[in-house]
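Every number in this text was worked out from the coordinates using simple rules, so none of it is lab data. None of these values were measured; they are calculated from a predicted model. Glycine also receives a Cβ, built like all others from the backbone with ideal geometry; neighbour counts cover every protein chain displayed.
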Amino acid sequence: MEFMVHITNKFPPDGDKDLLTQLVKEESARAAELAATGVIKKIWRRTGQKSNVGIWVAPNATELHSAISSLPFFPWLEVEIWPLADHPNDPKKYGDLK
């Protein structure tokens, strides 16, 4: 099942810089693992913000929660999730048309 996931990082601007450096490295490694296993299908940075939006794939919401909560920044993340369903007017449906 596909989910649209919007994540905002709320790590405090005046937070511990050493912890921030460590978390950035760990977050990058964990995101790479999630991408390699197909959980993170696509991700975009939101310009000028400490947030991103992406397409995540999981069998159900419980598995999605496990994946998101495995992120090292999780204690500082604000997360919005939308389960996605196929739309009858999806342009891919008409892909064979010239």
Seminar exercise, completed: For the chain, whose charge dipole is built from +1 on Lys and Arg Cβ atoms and -1 on Asp and Glu Cβ atoms, the candidate among 19, 34, 69 with its Cα farthest towards the positive end is 34
Problem set entry | Positive minus negative residues near residue 23 (Lys, Arg vs Asp, Glu; Cβ under 12 Å) | -1
For this session: Pull up the cross-link candidates among the lysines for residue 93, meaning alpha carbon to alpha carbon under 27 Å and not fewer than 8 places away within one chain.
Result: 41, 42
Exercise. In square nanometres, what is the average projected area of the Cα convex hull of the stretch 2-94?
Worked result: 7.1
Exercise. Among 17-24, 66-73, what's the highest-first ranking by average C-beta atoms within 10 angstrom per residue?
Worked result: 66-73, 17-24
Exercise. With Cβ to Cβ distances under 15 Å as the rule, what net charge do the other residues near residue 39 carry (K, R +1; D, E -1)?
Worked result: -1
Exercise. What spacing in nm lies between the two simple spin-label points modelled at residue 60 and residue 2, each 7 Å away from Cα in the Cβ direction?
Worked result: 2.2
Problem set entry | the chain, helix-only ellipticity at 222 nm - DSSP H runs n ≥ 4, -39,500 (n - 2.57), divided by all residues, nearest 500 | -9500 deg cm²/dmol
